[in-house]
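Peer 1: Would you mind keeping the following structure in view while I ask a few things?
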Amino acid sequence: MSLSSSHQPPILTILYATETGNAQEYADRVARGCRRLPAQSRVFSMDKYPLEDLIHEHFIIFVVATAGTGKEPRTMTPLWKMLLRSDLPADFFEDHHYSVFGLGDTAYEKFCWPAKKLSRRLDSLGATEICPRGEGDSQHPLGTDGAFEPWLANLTASLAHILNVPGEIQAGSSTDDVPTSRITLRNATATDLDSARDPLLEDTDYHTFELLKNDRITAQDWSQDVRHIELRCEHDISYEPGDIASIHPEAPSDDVGSFLTTAGWANIADEPFHIVQLLKDQSLPDHLPPVSTLRTIFTRYLDINAVPKRSFFRLFRNFTSDDREKEKLDEFVSPEGADDLYDYTQRVRRTIREVVEEFRNTRIPKDYIFDLFPPLRPREFSIASSPKRHKNEVHLCVAIVQYRTKLKIPRRGVGTTFLASLQPGTILRIGITKGLLELPPDLHTPVICVGPGTGIAPMRALLEGRIHDGSIENTLYFGCRSAAKDQHYHTEWMDGAARGELVYRVACSRDGPEGVQRTYVQALIEEDANRVWRLVDEQRAWVYISGSSNKMPAGVRKAIENVARVEGGLGEDEAKEYVATMEKQGRLFEECWS
């Protein structure tokens, strides 16, 4: 059958895998860019797409973020595992046309790694590439747009050729300057609001928890506020080490009230509206109810405290009545204004709410709120407990995000600020998501856990379960700045070490004399080279690395390579291959985040 012979317009399926929401935004933009094609676009998160339908697709676009140090986002893992099945024939996707756009950062070694792997695998299964893979780099002067916009133009032109569409189709010309809004808000009644269901309460992947503890575990005079949070589920619940707790935050009421006043919506903030979706090829926030108020929407579903992107200003510029504001906004979205836009937003982490306050002659039509404001996404935290030790409980170890830029008001993380404000007795709906960690085959297989800072969370979950089951083959390398100020759970670790349940090694990087080289976890691993080599090589230990995806994960891998050279007598290339083989065998895991 010809690809364009059917009476029905072909389906263009767009699948995205995201960690922070960026890939979702770009998937929506792909759908907008393809509107003039004789095709029907539909957008799915990869974890919401029925995998059994994949074989029936003809046109499929993948938009894939890069998680941590080159891993695929968790939402992509089920699809990726399915594609890696050894029983798939080489012509499995011979009727498929595909393209991939990856989001990444060239500051990291494995730039756009999931997108590259996906392209190679689809090729090996017989799929036909519509246009070459796009690789968005957040370091580009225009950010990810620097690669996305040329790729989208290429994609739409290639699809137009495949579908025999006459004439050129340029990316960005698929809609008017002011595109149709994805929703409209229609007046509702108080009865409609009262009877509207809350989808979060009906989501069986979420469970009801009561907050038991919200305790600061760093010293009161320490710059970093880290919380130990305990929550108890109302029913039996189980999870594994490395699993993730998903929590929907709420924006501070003062921020929301101030924003509604600035936007000119204070008088209608609590009026009920039906949320009517007009464009089915555009996504809406998860768990959005059919009826709500502007105050609730900006408290629970749209993020007024996000740093705006270039795409925000492209639409926002259409709603100003002031020539000077229009000129400035036009400058921000021009290629020549990229540096100015970066300085205005990213460098100082200016929020959308603050932008709206500064451009006071801009009046946003309320039907465009879901086009301008990104979804207020659930925040994910590694679970820091084992259900074997804490029945029906979930513990979290959370660093409260607060820092200063050149702006007068400190920057605060929306999710962690919300958590920090909660009092014991608060009821929360929390989702439990499967993590990427796997467990050793038995309790006699040693584990080496490396978890600086709040990277200790999944390590605590892993070690609690093993120690509860009687294992003593456990080593923990923890990194902090000060032994007395931010050595998380140190009493537990020292008690365990005293009982012979684990070997505990801590690197306190700021406790040494001024001018002395700082000590980090990787230095302790090299210091323990003889013991580490015996564990890794002779006893086939499993190594887990968790924490910030800055220099630490690479430093730990390098330390293990050095151990292999010094104690194992391997050459430099052989040592690198040794560590790479550990990872391929499933004996080395990284659970890191930016």
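Peer 1: Considering each residue of region 282-327, count those that are under 15 Å from Ala263 (Cβ atoms) and in a loop (DSSP other than H, G, I, E, B), and give that number.
Peer 2: 6
Peer 1: In region 572-594, which residues are outside any helix (DSSP H, G or I) and either under 15 Å from Thr69 (Cβ atoms) or in contact with a helix residue (DSSP H, G or I) (Cβ under 7 Å, 6 or more places away or on another chain) (or both)?
Peer 2: As a first pass, look at region 572-594 and keep what is outside any helix (DSSP H, G or I): 585-594.
Of everything in region 572-594, those that are outside any helix (DSSP H, G or I) and either under 15 Å from Thr69 (Cβ atoms) or in contact with a helix residue (DSSP H, G or I) (Cβ under 7 Å, 6 or more places away or on another chain) (or both) turn out to be Leu588, Phe589, Glu590, Glu591, Cys592, Trp593, Ser594.
Peer 1: Here's another thing I want to ask about it. Is region 333-355 home to any residue that is buried (at least 21 other Cβ atoms within 10 Å of the Cβ), of a type in the set (Val, Ile, Thr) and in a helix (DSSP H, G or I)?
Peer 2: Yes, region 333-355 has at least one match.
Peer 1: I would also like to ask the following. Taking region 308-332 as the region of interest, how many residues are under 23 Å from Asp28 (Cα atoms), without any contact (Cβ under 8 Å) to a residue 60 or more places away in the chain and surrounded by fewer than 19 Cβ atoms within 10 Å (Cβ to Cβ)? So that I can check it myself, show each step before the final result.
Peer 2: If we filter region 308-332 for residues that are under 23 Å from Asp28 (Cα atoms), which is where we start, we get 308-319, 329-330, 332.
Remaining after also requiring without any contact (Cβ under 8 Å) to a residue 60 or more places away in the chain: 308, 313-314, 316-317, 319, 329-330, 332.
With the extra rule that they be surrounded by fewer than 19 Cβ atoms within 10 Å (Cβ to Cβ), the set shrinks to 314, 319, 330.
Counting residues in region 308-332 that are under 23 Å from Asp28 (Cα atoms), without any contact (Cβ under 8 Å) to a residue 60 or more places away in the chain and surrounded by fewer than 19 Cβ atoms within 10 Å (Cβ to Cβ) gives 3.
Peer 1: Another question, then. Those residues that are among the aliphatic types (A, V, I, L, M) and either closer than 15 Å to Leu15 by Cβ or part of a helix (DSSP H, G or I) (or both), I need them from region 105-119; list them, please.
Peer 2: Ala115, Leu118, listed by residue number.
Peer 1: Do you know which of the residues in region 87-116 that are within 25 Å of the chain's Cα centre (by Cα) and closer than 20 Å to Glu57 by Cα is surrounded by the fewest Cβ atoms within 10 Å (Cβ to Cβ)?
Peer 2: Checked region 87-116; the qualifying residue surrounded by the fewest Cβ atoms within 10 Å (Cβ to Cβ) is Tyr98.
Peer 1: Restricting to region 370-386, what's the tally of residues that are under 13 Å from Phe313 (Cα atoms) and in a helix (DSSP H, G or I)?
Peer 2: 2
Peer 1: Starting from region 523-537, keep only residues that are surrounded by 14 or more Cβ atoms within 10 Å (Cβ to Cβ), then list their pairs with residues that are of a type in the set (Ser, Thr, Tyr) whose Cβ atoms are within a distance under 8 Å, requiring at least 6 positions of separation or different chains.
Peer 2: Close Cβ pairs satisfying both conditions: Leu524/Tyr477; Ile525/Tyr477; Leu535/Thr475.
Peer 1: For region 6-29, what are the residues that are within 24 Å of the chain's Cα centre (by Cα) and over 17 Å from Pro73 (Cβ atoms)?
Peer 2: Selection gives Thr13, Arg29.
Peer 1: Only one residue in Leu428, Leu476, Leu439, Leu422 is at pLDDT 95 or above and outside the structural domain of Val394 (by TED's automatic domain parsing). Which one?
Peer 2: Only one candidate qualifies: Leu476.
Peer 1: Kindly indicate whether any position in region 455-468 is surrounded by fewer than 19 Cβ atoms within 10 Å (Cβ to Cβ) and among the acidic types (Asp, Glu).
Peer 2: No, because not a single residue in region 455-468 is surrounded by fewer than 19 Cβ atoms within 10 Å (Cβ to Cβ) and among the acidic types (Asp, Glu).
Peer 1: On to the next question. Would a scan of region 512-520 turn up a residue that is touching a helix residue (DSSP H, G or I) at 6+ places or on another chain (Cβ under 6 Å), buried (at least 16 other Cβ atoms within 10 Å of the Cβ) and either in contact (Cβ under 8 Å) with a residue 40 or more places away in the chain or over 16 Å from Asn474 (Cβ atoms) (or both)?
Peer 2: For region 512-520, residues touching a helix residue (DSSP H, G or I) at 6+ places or on another chain (Cβ under 6 Å), buried (at least 16 other Cβ atoms within 10 Å of the Cβ) and either in contact (Cβ under 8 Å) with a residue 40 or more places away in the chain or over 16 Å from Asn474 (Cβ atoms) (or both): absent.
Peer 1: Please verify whether region 191-208 includes one or more residues that are surrounded by fewer than 17 Cβ atoms within 10 Å (Cβ to Cβ), touching a Phe, Trp or Tyr at 6+ places or on another chain (Cβ under 8 Å) and among the polar types (S, T, N, Q).
Peer 2: Checking region 191-208: not a single residue is surrounded by fewer than 17 Cβ atoms within 10 Å (Cβ to Cβ), touching a Phe, Trp or Tyr at 6+ places or on another chain (Cβ under 8 Å) and among the polar types (S, T, N, Q).
Peer 1: Test of understanding: among Val543, Val506, which residue is under 26 Å from Ser385 (Cα atoms) and in contact with a Lys or Arg (Cβ under 7 Å, 6 or more places away or on another chain)?
Peer 2: Val543
The values are calculated or read from the model by the stated rules, or taken from the named source; none is laboratory data. Here the structure is a predicted model, which means the values were calculated and not measured. Counting neighbours? That spans all protein chains shown, and the Cβs are built from the backbone with ideal geometry, glycine included.
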